[in-house]
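Report on one structure; see the data block that follows.
Only the coordinates and a few stated rules stand behind these numbers; no lab work does. Quick caveat: nothing in here was measured; it's all calculated off a predicted structure. All Cβ positions, even for glycine, are placed from backbone atoms using ideal geometry, and neighbour counts span all protein chains on display.
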Amino acid sequence: MLQTAINAAIEAGRYLRESRGKSLTIEHKSSSIDPVTEVDKEAEKIIVDIIKKHYPDHTILGEEGGTKDTESEYRWIIDPLDGTVNFTHGFPIYCVSIGVEYMDTLVAGVVYDPNLDELYTAERGKGAFLNGNPIRVSETDSLIQSILITGFPYDIHDNPDNTVERFVDFLMNAQAIRRLGSAAIDLCYIAAGRGDGFWEAFIQPWDIAAGILLIEEAGGKVTDFEGNPIGADSPRVLATNGKIHDAMLEILRKRL
Ligand code: IPD
Ligand code: CA
Ligand code: CA
């Protein structure tokens, strides 16, 4: 399954790379700042076709509707283009993300960044890798020395839910905050030790399925904002190197 996920992610990533700079038809989904293009849809089709060919009985959850419900104990969770806003502006931070669950537990995860040609892979119990080399979370143990990463939901204009307040809380307590525009890449950067902690609310399963496993396999910790263990269906995610987890939880608990 890991190899199938890798093949699908690379194939779709190649298509994203070829579609760079092409004129796009942009539609909007949940709000006027939530775009989708024909490239998102075609990339999902590429992935779903590959999965169906190898695992015709497995359940598939794809962001762009490529969903197939079965009785299977396996579920593939796909974001064919994570970072669509970036993509539509030619801002080169976006990726393909594919996670696989067996009986509700994440067992494989692949994220492919076609711009940097970076392939992140993980299988439960077997470690996390970047282009085949093992990766580990960072050793940073204080918030004030940490780079944090976050993202904002598409309904932020109508449903702010303390998103900005939490951002300010962290800004005042960390070394720096980054907003990359692709939650799957954000999580990979925590797994690879490039950042120390990530939080986001109103997140979707396809944004985090692969990334959660990558962080766990790279030695990090993933919970909700109250410290409870989570899977791909959690709308709130806190993912860290483990060492700054409690410090981040303390700040998040102020605005539950
Ligand atoms: C979005 C990105 C963004 C995050 C949003 C996601 P999309 O995914 O991951 O970084 O802040 O919550 O919806 O729409 O580009 O696939
Ligand atoms: Ca996404
Ligand atoms: Ca997407």
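The figures follow:
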read-out: Per-region count, region 178-215, residues within 11 Å of ligand 2 (Cβ to nearest atom) and either in contact with a His (Cβ under 6 Å, 6 or more places away or on another chain) or over 22 Å from Arg124 (Cα atoms) (or both); value: 4
read-out: Meets criteria (under 16 Å from the mean Cα position of the chain (by Cα), within 15 Å of ligand 2 (Cβ to nearest atom) and over 22 Å from Pro92 (Cα atoms)) for Pro235; value: yes
read-out: Every residue from region 125-140 that is under 15 Å from Ala5 (Cβ atoms) and surrounded by 15 or more Cβ atoms within 10 Å (Cβ to Cβ); value: Ala128, Phe129
read-out: Residues that are assigned to a strand (DSSP E or B) and within 13 Å of ligand 3 (Cβ to nearest atom), drawn from region 58-101; value: Leu61, Gly62, Ile77, Ile78, Asp79, Pro80, Leu81, Asp82, Cys95, Val96, Ser97, Ile98
read-out: Exclusive hit being in contact with a Gly (Cβ under 6 Å, 6 or more places away or on another chain) and under 26 Å from Met103 (Cβ atoms), set Leu249, Leu187, Leu238, Leu148; value: Leu187
read-out: Residues that are over 21 Å from Pro92 (Cβ atoms) and surrounded by 14 or more Cβ atoms within 10 Å (Cβ to Cβ), drawn from region 163-191; value: Thr163, Arg166, Phe167, Asp169, Phe170, Asn173, Ala174
read-out: Contacts under 8 angstrom Cβ, first residue in region 68-97 being under 16 Å from Ile6 (Cβ atoms) and in contact (Cβ under 8 Å) with a residue 12 or more places away in the chain, partner more than 7 Å from ligand 1 (Cβ to nearest atom) and basic (Lys, Arg), 6 or more apart; value: Pro80/Lys41
read-out: Residue list for region 198-232, filter: more than 13 Å from the chain's Cα centre (by Cα) and either within 18 Å of Phe152 (Cα to Cα) or β-branched (Val, Ile, Thr) (or both); value: Thr223, Asp224, Phe225, Ile230
